């Protein structure tokens, strides 16, 4: 579907506008277009493009393929890669449990995550990479193997809009089962709010690392969840158990923010220990901007 891309407008990047398969595809394409336009304006674009066609030197690599100019700028040895080397398997893992339905505004975490997965799949296929998707809660709900075929995006989008969400089921132990479905080394991208016991979550991610996968985590949070920026009476509804609690936001805000800060600190520490990359996005942030900011920061770090 390409109709309307030239005049769709930047507001279509907002996930609230999609309800059908066609709308989701349009948002994915529009988000990627905006993201690519951002890269073209970026001071990092030269290095980003150049780095995409190189990898770090490994003992035994042909010295004729060394890029000495890149070495002079980065003080590291890189060798040129060719098409057969640069294509990868991209495994997109989407948390499809009850907590993802949280929506204090117009966009739920579930819808935002759907659009992010669609955009990443579209971007990967543009680069001729093989991409697959796994939706999970306390069990695997849908698994599409990585492929680069022409109708792969359509199959992925169909799964995103047709797979029922599991409202009262959540367990990170299922990540071990998912890892066993991915024997070939690739890039694993987890999209989740990460509302799991830390031991369960990182044990599952360790399984992917043990199998040789690179791992990237996109943490999706509702705007309200991070700092609780409201006043007056507030109702908390546990989307996993159905329990409810009514209190006043100003009374619990200090303790709430302290608990969130501790949780973020624990996540940061565990990710640093494992050299995992975690990117936090809130549902008020346009998809293309989130993708651009992440890759611009990554290029700067390199």
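Nothing in this text is a laboratory measurement; each read-out follows from the coordinates by a stated rule. The model shown is predicted, which means the values in this text are computed figures rather than measured ones. Neighbour counts run over all protein chains shown; Cβ positions are idealised from the backbone, glycine included.
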Q. To the nearest 0.05, what FRET efficiency results for residue 176 and residue 266 with a Förster distance of 25 Å applied to their C-beta separation?
A. 0.75
Q) When the Cα centres of the range 168-213 and the range 141-159 are compared, how far apart do they sit, in Å? A) 20 Å
(Q) Which of 100, 126, 260, 182 has the fewest other C-beta atoms within 10 Å, and how do the rest follow up to the most? (A) 126, 260, 182, 100
Q | Residues residue 138 and residue 252, FRET efficiency given R0 of 35 Å [Cβ-Cβ distance, rounded to 0.05] | A | 0.75
Q: Work out the FRET efficiency for residue 185 and residue 147 from their Cβ-Cβ distance, taking R0 = 25 Å, and round it to the nearest 0.05.
A: 0.95
Q: Fewest Cβ neighbours within 10 Å first, please rank 131, 161, 279 accordingly.
A: 161, 279, 131
**Q.** Cα point-scatterer Debye curve for the range 168-249, base-10 log of I(q)/I(0) at q = 0.14, 0.24 Å⁻¹
**A.** -0.62, -1.18
Q) Which percent, nearest 5, of DSSP beta bridges in the range 208-300 are antiparallel? A) 45 percent
(Q) Within a 10 angstrom radius of the beta carbon, how do 283, 273, 247 rank from fewest other beta carbons to most? (A) 273, 247, 283
